[in-house]
Amino acid sequence: MGPTNIFARPPLPPTLSSDFRDSLRRADKHLEQWIKVEHYRLHCAEQWPESDYNEAVLAAIRSTLKTLEATSLAPVVQPRCMVCASLQAPAVVLELPSRSHSPTAITRLAA
């Protein structure tokens, strides 16, 4: 049996009022937005020069992200931002043809 998440919430009982369920969903949307903001902050802090302060900020942001993800009712899908996507995709270098090798070089300008 794998490790259990002590922060995992049990499913909501069906007897909860619809108003209460709606308020939980709204709260979860706020948590989702907060997670996105913290994720953005993480990428910003990763660009800072190496220092003890930078390491402390990165650790604090990662800790906050873990807490927020554990608090969320919905399963948290890792954000698919452009920075994360670029880190996971291999770099592609496109080589453009040189102008001097172009077979249809324009030698006369139109008036």
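The values are calculated or read from the model by the stated rules, or taken from the named source; none is laboratory data. Predicted model only: the values in this text are computed from it and were never measured. Note that each Cβ is placed from the backbone with ideal geometry, even for glycine, and that neighbours are counted across all protein chains shown.
Some notes on this structure:
- Matching option when the condition is over 25 Å from the mean Cα position of the chain (by Cα), part of a loop (DSSP other than H, G, I, E, B) and modelled with pLDDT under 75, among Pro90, Pro11, Pro75, Pro79: Pro11
- Scanning segment 41-66 for residues that are under 16 Å from the mean Cα position of the chain (by Cα) and loosely packed, with under 14 Cβ neighbours inside 10 Å yields a total of 6.
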